Amino acid sequence: MMKFFTTPEEFPYEEGTLLDFAFTLDQNTYQGKNSISFIIKDIRLSERDFDTESIMLAVQDYELYRSGILKKHLCSELPSREDFKLIYVFLQRSKRRQFTIDSFLYDFRRFLEKIQPGVSLFSIFKILIILDIMNELHLIEYKRSSSDLYVSIRDVVGKVDIRASGILRKLKEDIKNA
């Protein structure tokens, strides 16, 4: 995928975030002039304490669950009303609507540290389930493409009861039966 003229809001990482890049350099000739292109093949967080591999394993657990298989260790991942509130407030305060899964988790963890130091960290499984439920209840518009997330808050009049979610009811039932 090529991106030209990407705005800061479209870039999945915030200014000041330390990143690792995999890239190639290509030499181009156009109308007799040589130039060098810097082509980024992959980007990821460079944080030492940020375990990208465990994030990808959690995404696999989420994908397995959405296909009908709940792993035992996920039975503690039932989101609470407070969990929904924290994700919603984070989305309201975020300037960006495009994230990668790791940038969403990283930014959300930084947000949590600012507003509620010491709060237990969220797993990617729980975050993706919450986003699915919020989308189902028309609180957000949400699309996921591989590791890219596109999230925007919808205008909602009144309160929305999360218990109306079929996804949440199924998760509760699956955890109960596990």
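Quick notes on this structure:
- Residue match in segment 130-148 (condition: within 13 Å of Tyr88 (Cβ to Cβ), of a type in the set (Gly, Ala, Ser) and either outside any loop (DSSP other than H, G, I, E, B) or free of Cβ contacts under 8 Å to residues at least 40 places away in the same chain (or both)): no
- Being of a type outside the set (A, V, I, L, M) and in contact (Cβ under 8 Å) with a residue 60 or more places away in the chain is not true of Gln116.
- The listed residues are Ile36, Ile55, and the only one of them that is part of a helix (DSSP H, G or I), modelled with pLDDT under 90 and not small (Gly, Ala, Ser) turns out to be Ile55.
- Tally of residues being buried (at least 16 other Cβ atoms within 10 Å of the Cβ) and farther than 16 Å from Gln60 by Cα across segment 132-149: 8
Each row is one residue, and each column tells you yes or no for (1) more than 27 Å from Ile69 (Cα to Cα); (2) at pLDDT 85 or above; (3) of a type outside the set (Gly, Ala, Ser); (4) under 11 Å from the mean Cα position of the chain (by Cα).
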position: Asp107; (1), (2), (3), (4): yes, yes, yes, yes
position: Met134; (1), (2), (3), (4): no, yes, yes, no
position: Glu141; (1), (2), (3), (4): no, yes, yes, no
position: Val156; (1), (2), (3), (4): yes, yes, yes, no
position: Lys159; (1), (2), (3), (4): yes, yes, yes, no
position: Ile162; (1), (2), (3), (4): no, yes, yes, no
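- In segment 12-33, the residue that is surrounded by the most Cβ atoms within 10 Å (Cβ to Cβ) out of those that are assigned to a loop (DSSP other than H, G, I, E, B) and modelled with pLDDT of 65 or more is Tyr13.
- Tally, over segment 150-177, of residues that are hydrophobic (A, V, I, L, M, F, W, C), out of contact with any Phe, Trp or Tyr (no Cβ under 8 Å at 6 or more places or on another chain), surrounded by 11 or more Cβ atoms within 10 Å (Cβ to Cβ) and not in a helix (DSSP H, G or I): 2
- Filtering segment 162-178 to residues that are touching a residue at least 24 places away in the same chain (Cβ under 8 Å) and of a type in the set (D, E, K, R) leaves Lys172, Asp174.
- If you go through segment 67-87 and keep only what is surrounded by fewer than 17 Cβ atoms within 10 Å (Cβ to Cβ) and either closer than 15 Å to Phe122 by Cβ or free of Cβ contacts under 8 Å to residues at least 24 places away in the same chain (or both), you end up with Ser67, Gly68, Ile69, Lys71, His73, Ser76, Leu78, Ser80, Arg81, Glu82, Lys85.
- Any hit, segment 85-102, residues being part of a helix (DSSP H, G or I), touching a Pro at 6+ places or on another chain (Cβ under 9 Å) and within 20 Å of Thr52 (Cβ to Cβ): yes
The values are calculated or read from the model by the stated rules, or taken from the named source; none is laboratory data. Because the structure is a prediction, the values reported are computed rather than measured. Don't worry about glycine lacking a Cβ; one is built from the backbone with ideal geometry, like all the others, and counts go over all protein chains shown.
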